[in-house]
1. Taking only protein heavy atoms into account and a 1.4 Å probe, give the accessible area per residue of the stretch 53-115 in Å².
2. With a/c under 1.5 counting as rounded, go ahead and sort the stretch 43-115 into rounded, prolate or oblate using the C-alpha gyration tensor (a ≥ b ≥ c being the square roots of the eigenvalues; past the cut-off, prolate if a/b is larger than b/c, else oblate).
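The values are calculated or read from the model by the stated rules, or taken from the named source; none is laboratory data. Remember, it's a predicted structure, so these values are computed and weren't measured experimentally. Accessible surface areas use protein heavy atoms only, side chains included; no ligands, DNA or RNA. Shrake-Rupley method; radii C 1.70, N 1.55, O 1.52, S 1.80 Å.
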Amino acid sequence: MFNSTNNTTGLISTTNTNANSTAKSVFKKVALVALLATASVSAQANDLNSNDMINVLETRISETATEMLQSAKQEIVLSLHSQIAEQVFELNSSLEIAETTQEATTDSVLASNED
């Protein structure tokens with residue numbers, strides 16, 4: 001296109017400068033697109049990693065909460081069992097005392113009736 005022999009140095013220089021500018025511009029655009037694509041993929045990978053991490057944390061928290069609830073339930077049941085056992089023991093002791101008192105009263109009444 002600019003192959004004339006007159007003032008070829010200026011034309012070639014201008015053409016080379018324009019070509020270099022265009023090449024640099026294209027290279028910058030390609031680099032920018034590549035950078036944005038890489039950043040986008042990295043952001044997606046971070047999002048995936050974040051989502052995976054959040055899912056794992058939610059699962060572990062859920063499992064831990066379930067274990068804690070089961071443990072608390074077992075402790076409550078054991079506590080209730082021990083309280084019931086204590087109350088049954090006290091009731092039995094009270095009944096034994098009442099029976100002993102009643103037998104003593106009955107024996108006293110029978111002894112007084114015999115006189």
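1. With all protein chains present, the stretch 53-115 gives 93 Å² per residue.
2. Working: a/c = 17.79, a/b = 15.92, b/c = 1.12.
Prolate shape, in that a/c is at least 1.5 and a/b is the bigger ratio.
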